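What follows is one structure encoded as structure tokens, with my remarks underneath.
Throughout, read-outs are computed from the coordinates displayed, never taken from laboratory work. The shown structure was predicted, so the numbers you read here are calculated from the model rather than taken from an experiment. Please note: Cβ atoms are built from the backbone with ideal geometry, for glycine as well, and neighbour counts cover all protein chains shown.
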Amino acid sequence: MFTLNLLKKGLITATLLVASSSAFAHYPLMQCWSVGDKIECEAGYSDGSKAVDYDVSMYDYDDNLIAKETTDKRSIATFEKMVDEYYLVFDSGHEYPVEVDGVEITEK
């Protein structure tokens, strides 16, 4: 009887630990700014880790791919500044990609 109760408590504890691990999951982030004639976007995660060697894509408002750059060792992807309307996407493969609209980008 004692062993069965201990086993039940162990299973309940293990289930709670697994269920609560999703509460500690990190999510992708991206911040973009204008530097001269370039747009720089820094991608990373909410836990502070960097996103090195990930693609950041630039699309027009008709969802056509304009450019794609890969983040460097500083987690930064650099694009030529566009005059047309565009948005940038960092899709790390997690649940939701991060989008930054070109009108939200300001000087650094």
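Give region 51-72 a look and list any residue that's closer than 15 Å to residue 93 by Cβ, charged (D, E, K, R) and surrounded by 15 or more Cβ atoms within 10 Å (Cβ to Cβ), or say none.
Within region 51-72, just 55 meets the criteria.
Considering 96, 59, 27, 87, which residue is hydroxyl-bearing (Ser, Thr, Tyr) and touching a helix residue (DSSP H, G or I) at 6+ places or on another chain (Cβ under 7 Å)?
Going through 96, 59, 27, 87 in turn, the sole match is 87.
Looking only at residues in region 73-90 that are surrounded by fewer than 13 Cβ atoms within 10 Å (Cβ to Cβ) and not hydrophobic (A, V, I, L, M, F, W, C), which one is farthest from residue 38 (Cα to Cα)?
Looking at the filtered set, the residue picked out is 73.
What number of residues within region 52-108 are among the hydroxyl-bearing types (Ser, Thr, Tyr), under 16 Å from residue 28 (Cβ atoms) and not in a loop (DSSP other than H, G, I, E, B)?
3
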